[in-house]
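What follows is a single structure, written as structure tokens, with notes after it.
The values are calculated or read from the model by the stated rules, or taken from the named source; none is laboratory data. It should be emphasised that the depicted structure is a prediction, and the values quoted were computed from it without experimental measurement. Cβ coordinates were reconstructed from backbone atoms using ideal geometry, including for glycine residues, and neighbour counts include every protein chain displayed. In case anyone asks, the SASA skips ligands and DNA or RNA and just uses the protein heavy atoms, side chains included. Shrake-Rupley method; radii C 1.70, N 1.55, O 1.52, S 1.80 Å.
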Amino acid sequence: LLLLLWVRHRGLEAVLVHHRWVFVCLFLLPLSILFDVYYQLRAWAVWRLHSAPRQHQQRVRHIQAQVREWKNEGSKRYMCTGRPGWLTVSLRVGKYKKIHKNIMINLMDVLEVDSERQVVRVEPLVTMGQLTAHLNPMGWTIPVVPELDDLTVGGLIMGTGIESSSHIYGLFQHTCVAYELVLADGSLVRCSPTENSDLFYAVPWSCGTLGFLVAAEIKMIPAKKYVKIHYEPVRGLQKICEKFTEESKKKENSFVEGLVYSLEEAVIMTGVLTDEAEQSKINRIGNYYKPWFFKHVEKYLKADRTGTEYIPSRHYYHRHTRSIFWELQDIIPFGNNPIFRYLFGWMVPPKISLLKLTQGEAIRKLYEQHHVVQDMLVPMKSLEKSIQTFHVDLNVYPLWLCPFILPNNPGMVHPKGDEAELYVDIGAYGEPKRKQFEARASMRQMEKFVRSVHGFQMMYADCYMTREEFWDMFDGSLYHKLREQMNCKDAFPEVYDKICKAARH
């Protein structure tokens, strides 16, 4: 009662902006638990009843019927998925859903686990948390498990996804062997490297502007119980980059990751999958009462010591989920306090979708101007120069370093040369400490640098490029060719118009 009186006295908007943790802890955390329980029970029931494959065909036919209805109505508006924008993990607010024809796509189930082919077939709204929970007890996992539980297969294909195993397997799209799409004419088509190959290579990064993804086939690999992880603090920017590059080139490392805590300080982590573990060194980092992973890693830096421990595989795959990397410290400042973790840690994290839904215009504008959530993919040879640029233009720490091999495949994203090249994802999440930071000017400067080293900006984030700059960064040749061939121009907006602030409605 006292709390409600205080909220009334302060005003709801003031509380939401300046004391957001009150609203998050009292309302969003319990609501997030209810969301999780519902979806977990639903996924379990669907799999136990073996109803997914049968219902899948029916749902796809319904999508095709909606597209044909759009055609019969005269194709007056662009089409887009009917999933509300607040349900996506991206912090970007796209208003196009209010003016485009919404096609309802309710596809969120695991369809088939084919142990012989080592392939899992899934619908696009299957999440990473759902997929690992499904596969791990069966002795399988996927080669690239992008970090956050709520990331969906469709988002990771139509956008992109990466994880600390990507130095071996590439981006999430490179672990996929086939896609099924409903096209602008309502037809259902399957594509793979040998079947409709142009479409297969054009779909990643297209953000749903070539067709509606209705299923994907993803490679599986045998799962192991633990990740034996080694922590090594490194000081000096040149040494950090040399060590990170050296470890990223070693295929014997199952995982490579770096957390950069300042311009001159980082912890480089390497991991190996194993079924054996020293019991005294097992760290179940995913348990609700454990310290947030990035804080746990920082202890090795502060103590200036190396260390080795064994983390259960699924805990490792989702190690940054509880703290949303380090974003949750800005929302719940005391979230890593041992008392809070032991009493309420089981409710963390709040759903990103619910945070978006309830943020309001005032918070959204504050985030846009004073907060950065960006992933830039740059060649490994440009790592040192890139970190210096991030420091000057943003000054956000920690920075996340994740290496990946980029094959020379057709499509929007590939190396400049004719051969596969080692790249690195630099993730900046938080409040820039650079004096006089101005979101548009600073990010345009950053985008210019990334283009100059033949890098790429992940499309989930705010993008300030002009159309010409955008297509200078990305190779649009195959994409535009297919949009012309498949009559997409009247059916879907161009990807630039869907994601860039300069064009977005």
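A few comments on the model shown:
- Breaking point among (1) touching a residue at least 24 places away in the same chain (Cβ under 8 Å); (2) closer than 29 Å to Trp471 by Cα; (3) out of contact with any Phe, Trp or Tyr (no Cβ under 8 Å at 6 or more places or on another chain); (4) of a type outside the set (Asp, Glu), for Gly236: (2)
- Residue check for Val214: outside the structural domain of Glu309 (by the TED database) and outside any helix (DSSP H, G or I): yes
- Test: Arg68 is assigned to a loop (DSSP other than H, G, I, E, B), open to solvent by 40 Å² or more (accessible area, probe 1.4 Å) and more than 23 Å from Leu357 (Cβ to Cβ): no
- Looking only at residues in the range 43-65 that are of a type in the set (D, E, K, R) and out of contact with any Asp or Glu (no Cβ under 9 Å at 6 or more places or on another chain), the one that is nearest to Leu354 (Cα to Cα) is Arg48.
- Within the range 274-286, being open to solvent by less than 40 Å² (accessible area, probe 1.4 Å) and more than 22 Å from the chain's Cα centre (by Cα) holds for Thr274, Ala277, Ile282, Asn283.
- Meets criteria (more than 22 Å from Phe200 (Cα to Cα) and either in contact (Cβ under 8 Å) with a residue 60 or more places away in the chain or part of a loop (DSSP other than H, G, I, E, B) (or both)) for Phe437: yes
- Qualifying residues in the range 467-484 (those that are part of a helix (DSSP H, G or I) and not charged (D, E, K, R)) - the one surrounded by the fewest Cβ atoms within 10 Å (Cβ to Cβ): Ser477
- Filter result for Leu301 (within 30 Å of Ser442 (Cα to Cα), not in a helix (DSSP H, G or I) and not β-branched (Val, Ile, Thr)): no
- Summed over the range 449-466, residues that are buried (at least 16 other Cβ atoms within 10 Å of the Cβ) and either on the phi > 0 side of the Ramachandran plot or not hydrophobic (A, V, I, L, M, F, W, C) (or both) total 7.
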